[in-house]
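Asker: My questions all concern the structure below.
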Amino acid sequence: MLGAIAEGTSEIQGFASSADCQSTLDCLRSLGVPIERDRDFIRIRGQGLRGLRQPSGDLDAGNSGSTMRMLAGILAGQRFESRLVGDASLSRRPMRRIIDPLTQMGARIESSEGGLPPLRITGADLHPIHYRLPVASAQVKTTVLFAGLLAEGETRVEEPAPTRNHTEIALERMGAAITRANGAISIQGPARLHALKAEVPGDLSSAAFFLAAALLTPGSELVIQNVGLNPTRSAVLTILTRMGADIHQENFRALNGEPVGDLKVRHSLLTGGEIPVELVPNLIDELPVLAVLGTQTDRGLWFHGAQELRVKESDRLATVAENLRRLGTKVEEFPDGLRVEGRQKLRGAQVESYGDHRIAMAFAVAGLISEGGVEIQGSECVGISFPEFFDILRQVTEPS
């Protein structure tokens with residue numbers, strides 16, 4: 001997205017094959033951005049800050065909440081009208097959290113009842129705001145910062161808890177004036193961004209499923225290479241290490257401003273315990289597989305402060321609890337969390353993905369340690385973020 005509004009041609013190596021990322025490219029092409037793609041390499045010819053053109057039809061974000069929310073920040077400052085739509089799942093996800101700040105900045109946004117997609121955005125000359133996020137969300141933070149690129153003056157976002165900072169790193173590398181102080185991030189607009197050449201590190205949230213699989217499977221030893229180890233993303237490593245996981249970071253280095261390394265993991269007996277509430281905002285994508293992992297720990301696993309899981313691709317607290325019960329485990333569901341007992345045997349069963357890629361992958365891991373295996377209905381949804389997941393899982397679990 002930043003490459004699309006930069007000046008010059010950006011080149012990105014390691015671009016994901018996921019459906020979500022393809023949705024982003026499709027939307028940008030509809031906005032007049034020339035994009036070339038060859039497998040995991042893309043070249044984007046930037047159109048400048050206000051060089052996007054009005055699309056001839058709807059911009060379809062598919063299943064991608066990231067695409068819809070972040071692109072809305074850019075569209076809010078364009079001088080045309082656009083309409084963002086999504087699939088059935090995305091159409092149930094809350095957008096009021098971005099509508100409110102973008103409206104305060106001067107854009108006009110119409111939505112379905114309850115602040116749900118589709119979103120009709122009439123762009124405007126934006127003015128800066130100082131905005132405190134009501135919920136810790138990297139997507140909402142990014143939306144406001146993207147809009148701040150097009151506003152005249154300083155836009156500041158205050159976070160109730162630190163969230164992923166990939167946006168700030170990318171903005172700085174592309175020439176934006178970013179400052180950080182006392183839990184707030186400020187950007188000075190309007191900003192001229194320059195193109196860049198970048199390589200995307202491996203996604204730690206996707207790697208987490210293989211970390212869990214190796215930790216649970218006796219005799220396992222696995223090395224996962226070129227993983228992004230940004231501190232705002234690595235809470236899963238903190239939690240697993242505290243529980244006794246044998247995980248070592250190797251070949252640590254910097255890549256385009258992001259810390260990267262290899263992870264070596266071995267089968268481990270884990271203690272379990274409570275996940276501190278202050279770490280939960282940076283564990284939202286990993287909590288489903290951590291809940292599965294918790295069934296095999298000494299003490300079990302429990303957490304609160306994760307009400308955000310209720311409004312993801314599925315209600316992940318409910319879907320995790322339901323599927324764990326189908327596997328014969330004891331699990332308690334709270335309004336904002338879960339508790340799973342430890343040292344439980346998982347029986348074979350059929351579970352539902354509920355169209356949620358994280359749920360499908362988490363219960364694929366559960367299948368590795370179940371008695372009789374797990375059949376996942378709707379498992380094709382892994383293509384949303386990780387189309388190669390089952391092929392790689394097969395490669396690392398089959399005897400060599």
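The values are calculated or read from the model by the stated rules, or taken from the named source; none is laboratory data. This is a predicted model, so every value here is computed, not measured. Positions of Cβ are generated from backbone atoms using ideal geometry, with glycine treated the same way; all protein chains shown enter the neighbour counts.
Asker: For region 160-174, does any single residue satisfy the condition of being under 30 Å from Q307 (Cβ atoms), modelled with pLDDT under 95 and either touching a Phe, Trp or Tyr at 6+ places or on another chain (Cβ under 7 Å) or among the charged types (D, E, K, R) (or both)?
Answerer: yes
Asker: A further question on this structure: Only one of G228, G183, G219 is outside the structural domain of S137 (by TED's automatic domain parsing) and out of contact with any helix residue (DSSP H, G or I) (no Cβ under 7 Å at 6 or more places or on another chain); which?
Answerer: It is G219.
Asker: Another question about this same structure. Any idea how many residues of region 252-311 are acidic (D, E), in contact (Cβ under 8 Å) with a residue 60 or more places away in the chain and crowded, with 17+ Cβ neighbours inside 10 Å? First the steps, then the outcome.
Answerer: Keep residues of region 252-311 that are acidic (D, E), which gives 258, 262, 274, 278, 285-286, 298, 308.
Next cut, in contact (Cβ under 8 Å) with a residue 60 or more places away in the chain only: 258, 278, 285-286, 308.
Checking which are crowded, with 17+ Cβ neighbours inside 10 Å leaves us with 258, 285-286, 308.
Count: 4.
Asker: Another question about this same structure. Give the residues of region 361-391 that are closer than 24 Å to H267 by Cβ and exposed (fewer than 15 other Cβ atoms within 10 Å of the Cβ), sorted by residue number.
Answerer: E371, G372, G373, E388, D391
Asker: Within region 203-232, can you find the residues that are in a loop (DSSP other than H, G, I, E, B) and touching a Ser or Thr at 6+ places or on another chain (Cβ under 7 Å)? It would help to see each step written out before you state the result.
Answerer: Kept after step one, since they are in a loop (DSSP other than H, G, I, E, B), are these residues of region 203-232: 203, 217-220, 229-232.
If the condition is that a residue be in a loop (DSSP other than H, G, I, E, B) and touching a Ser or Thr at 6+ places or on another chain (Cβ under 7 Å), then T232 is the only one that fits.
Asker: Let me confirm something: among S64, S89, which residue is over 28 Å from H130 (Cβ atoms), in contact with an Asp or Glu (Cβ under 6 Å, 6 or more places away or on another chain) and surrounded by 23 or more Cβ atoms within 10 Å (Cβ to Cβ)?
Answerer: S64
Asker: Taking into account only those residues within region 145-178 that are buried (at least 16 other Cβ atoms within 10 Å of the Cβ) and in contact with a His (Cβ under 7 Å, 6 or more places away or on another chain), which is nearest to H194 (Cα to Cα)?
Answerer: Out of the qualifying residues, it is M174.
Here's the yes/no breakdown for (1) within 24 Å of P276 (Cβ to Cβ); (2) of a type outside the set (D, E); (3) at pLDDT 95 or above:
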| residue | (1), (2), (3) |
| --- | --- |
| L215 | yes, yes, yes |
| N226 | no, yes, yes |
| L229 | yes, yes, yes |
| I239 | yes, yes, yes |
| A245 | yes, yes, yes |
| E250 | no, no, yes |
| N256 | no, yes, no |
| K264 | no, yes, yes |
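Asker: What is the number of the single condition among (1) of a type in the set (S, T, Y); (2) over 28 Å from G106 (Cα atoms); (3) assigned to a loop (DSSP other than H, G, I, E, B) that S56 does not meet?
Answerer: (2)
Asker: Where in region 246-307 are there strands (runs of 3 or more DSSP E), lying wholly inside it, with at least 2 residues that are of a type in the set (A, V, I, L, M) and on the phi < 0 side of the Ramachandran plot?
Answerer: Numbers: elements: 246-255, 258-266, 273-275, 301-303.
Passing ranges, in order: 246-255, 258-266.
Asker: Considering region 338-361 alone, what residues qualify as being of a type in the set (S, T, Y) and either part of a strand (DSSP E or B) or touching a strand residue (DSSP E or B) at 6+ places or on another chain (Cβ under 7 Å) (or both)?
Answerer: Residue satisfying the conditions is S353 alone.
Asker: Only one of (1) part of a strand (DSSP E or B); (2) at pLDDT 95 or above fails for G373. Which number is that?
Answerer: It fails just one condition, (2).
Asker: Identify the single condition in (1) surrounded by 19 or more Cβ atoms within 10 Å (Cβ to Cβ); (2) out of contact with any Asp or Glu (no Cβ under 8 Å at 6 or more places or on another chain); (3) under 27 Å from P134 (Cα atoms) that D100 does not satisfy, given that it satisfies every other one.
Answerer: (1)
Asker: Would you list the helices (runs of 4 or more DSSP H) that sit entirely within region 86-202 and hold 2 or more residues that are free of Cβ contacts under 8 Å to residues at least 24 places away in the same chain and within 24 Å of the chain's Cα centre (by Cα)?
Answerer: Of the helices (runs of 4 or more DSSP H) lying wholly inside region 86-202, those with at least 2 residues that are free of Cβ contacts under 8 Å to residues at least 24 places away in the same chain and within 24 Å of the chain's Cα centre (by Cα) span 96-104.
Asker: Given the residues R37, R69, R79, which is the only one that is surrounded by 20 or more Cβ atoms within 10 Å (Cβ to Cβ), on the phi < 0 side of the Ramachandran plot and either at pLDDT 95 or above or in a loop (DSSP other than H, G, I, E, B) (or both)?
Answerer: R69
Asker: Tell me yes or no: at least one residue of region 314-337 is of a type in the set (F, W, Y), more than 16 Å from the chain's Cα centre (by Cα) and either buried (at least 18 other Cβ atoms within 10 Å of the Cβ) or in a strand (DSSP E or B) (or both).
Answerer: Step one: filter region 314-337 for residues of a type in the set (F, W, Y), giving 334.
After this cut, where a residue has to be more than 16 Å from the chain's Cα centre (by Cα) as well, the list is 334.
Next cut, either buried (at least 18 other Cβ atoms within 10 Å of the Cβ) or in a strand (DSSP E or B) (or both) only: 334.
Yes, region 314-337 has at least one match.
Asker: Across region 43-61, which residue is nearest to A198 (Cα to Cα) among those that are aliphatic (A, V, I, L, M) and buried (at least 20 other Cβ atoms within 10 Å of the Cβ)?
Answerer: Filtering region 43-61 for residues that are aliphatic (A, V, I, L, M) and buried (at least 20 other Cβ atoms within 10 Å of the Cβ), the one nearest to A198 (Cα to Cα) comes out as I44.
Asker: Determine if region 129-144 includes at least one residue that is under 27 Å from G48 (Cα atoms), surrounded by fewer than 17 Cβ atoms within 10 Å (Cβ to Cβ) and modelled with pLDDT of 95 or more.
Answerer: The answer is yes; a qualifying residue exists.
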